[in-house]
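See below for the structure under consideration.
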């Protein structure tokens, strides 16, 4: 994976111009990357409340003012209409377009929700010496829809999606404490040990991503996943919604370490 | 201070009937007590966003569904219209009434916001062996309006209000870590040491509450205060608002210890 160690403020113009058009892994290492969901003001109250009620899958990092594409809290001067490499446009809950700039789609009533992502806590895990096989193999983390219901809010409801990482049993406690320090990036695991308790019938067949095996001496650990809010929002078929394309995140000016709760 | 050690579920009927009509300090020790602000749905989005943007002064514990007086997340079966000892009714930002039951004032468009309060972190401080002089003296904690601006959200904006506790210097670090574990109850201090940096000109003259002195060997420590959201909401003169009366809190079924972040 190529690493671009420039400050996000220096990387953003290259994303805006299209020079950088791929996934954002490896860009601005050490800075918080976020998922994005953009909804009209009419849907924003229910979605904001849904996130407040389900902080593990939906850790809110920033909510923009109505109509403003500037995330002044985490990246003043940035423009969310141009500064992500790739976007998806949904109409009535159906994918309508995939674009590299959403200026033509922006409206005065839109609110952007930026949500913490697993990059931050995976950095914390690796920093604590915990190996992550999907990172070593350069493939996607495995994800499942579970039998854990999110607490509903207005029109939004649905199951929690989790990601799974196999962790050597002597490192389970460290993996809990290292990730728990980052509630803004899904925090502590929601389950440790038995996939069946989450309603997962075949651990070798994820709903999304790549299964990397569970070796002898490893425990499957499950964290709430940022796929949840998008899946929940789309399930309610909002008339209009913009999201980042998978892997094509927004890079904030906030260092990972400043997101630590303690 | 008389202590009523019954479970909040057993205390609530006595509050509802008027048998218990005073302040809630000492009732259901060990359970989270919360501030309440009730606003119409039209103001709820801005207030929810204000809380999301200012989690230290406005730690959201629960937001009810529109029109519902039941806080199903923290006290299923309770009724927020009757289960607080005393309420204040505000019209256009002006105190219009003080009552013991708000059934006659309830509307289908109301949303109740329950916010963590200092009782929880004061319990954590005392549990860690840290003396609190205002508790020992049975008086009110001292509070100040500061020069720290909250991040605005829609119609809501204003300065942060803080409470001050004088702490022996050898216990400052412990007071930080003990309170930081409870972000749902204002969390870590926002300032330690110099009142002038917060714009406080005379530390002996609080804006609210009682000054208890700062002795030699003590450091003034400042925590974000739950007076902030009420002051901010009232400053915007909402057409209608219900709050708890000072000290007359709602007692949840949530043990203080389960609010710990780590």
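Coordinate-derived values only; no laboratory data. Remember, it's a predicted structure, so these values are computed and weren't measured experimentally. All Cβ positions, glycine included, derive from the backbone under ideal geometry; neighbour counts span all protein chains shown.
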Legend entry - Residue exposure sequence - B:144, B:123 - by fewest surrounding Cβ within 10 Å: B:123, B:144
Legend entry - Helix-only mean residue ellipticity at 222 nm for chain B, each DSSP H run of n ≥ 4 adding -39500 (n - 2.57), per residue, nearest 500: -6000 deg cm²/dmol
Inset, instruction - Find how many whole Å separate the alpha carbon centroid of the stretch A:181-207 from the alpha carbon centroid of the stretch B:21-71. - result: 31
Inset, instruction - Return the distance in nm (one decimal) between the two label points of a simple spin-label model at residue A:237 and residue A:126, each offset 7 Å from Cα along Cα→Cβ. - result: 4.1
Legend entry - Mean separation of Cα contacts under 8 Å (6+ apart) over length of chain B, as relative contact order %: 31
Legend entry - Copies compared at residue B:255 - label distances in nm, ascending, label defined 7 Å from Cα in the Cβ direction: 3.8
Legend entry - Degrees between helix A:41-53 axis and first principal axis of chain A (Cα, 0 to 90, nearest 10): 20
Inset, instruction - Round to the nearest 10 and give me the degree value, 0 to 90, for the angle of helix B:8-17's Cα axis relative to the longest principal axis of chain B. - result: 60
Inset, instruction - Note the distances from residue A:29 to each other copy's matching label point, with points 7 Å along the Cα-to-beta-carbon direction, in nm, sorted shortest first. - result: 5.3
Legend entry - Pseudo-label separations to other copies for residue B:94 - Cα-to-Cβ vector, 7 Å, nm: 5.6
Inset, instruction - Round to the nearest 10 and give me the degree value, 0 to 90, for the angle of helix A:118-127's Cα axis relative to the longest principal axis of chain A. - result: 40
Inset, instruction - Using just the alpha carbons, could you tell me how many Å³ per residue the convex hull of the protein assembly as shown encloses? - result: 158
Legend entry - Per-q log10 I(q)/I(0), the stretch B:119-228, q = 0.17 Å⁻¹ (Debye; single scatterer per alpha-carbon; no solvent): -0.78
Inset, instruction - Determine, for B:197, B:157, A:248, B:134, the number of other Cβ atoms within 10 Å of each Cβ, and report the residues in order from fewest to most. - result: B:197, B:157, B:134, A:248
Legend entry - Modelled FRET efficiency - R0 51 Å, residue B:97 with residue A:177, Cβ distances, 0.05 increments: 0.55
Inset, instruction - Could you tell me the distance between the Cα centroids of the stretch A:208-226 and the stretch B:130-154, to the nearest Å? - result: 45
Inset, instruction - Please list the radius of gyration and Dmax for the stretch B:176-262, considering alpha-carbon atoms only, with Å as the unit. - result: 15.9, 48
Inset, instruction - Pop the C-beta distance of residue A:147 and residue B:147 into the FRET formula with R0 = 45 Å and round what comes out to the nearest 0.05. - result: 0.35
Inset, instruction - Neighbouring Cβ atoms within 10 Å as the yardstick, rank B:36, B:171 fewest first. - result: B:171, B:36
Inset, instruction - Using only C-alpha atoms and all pairs of different ones, pull out the Kirkwood radius for the stretch A:22-166 in Å with one decimal. - result: 17.0
Legend entry - Pair residue A:68, residue B:201: separation of 7 Å Cα→Cβ label points (nm): 3.2
Inset, instruction - Treat each spin label as a single point 7 Å out from the Cα along the C-beta direction, and report the residue A:261 to residue B:25 distance in nm. - result: 2.9
Legend entry - Gain in span if fully extended, residue A:6 to residue A:140, counting 0.36 nm per residue against the direct Cα distance: 45.8 nm
Legend entry - Interatomic Cα distance distribution for chain A, bins of 5 angstrom, percent: 1, 6, 13, 18, 20, 17, 13, 7, 3, 1, 0
Legend entry - GNM flexibility winner over chain A from A:242, A:61, A:214 (Cα, springs under 10 Å): A:214
Legend entry - Listed residues A:204, A:245, A:179, most fluctuating in chain A (Gaussian network, C-alpha, under 10 Å): A:204
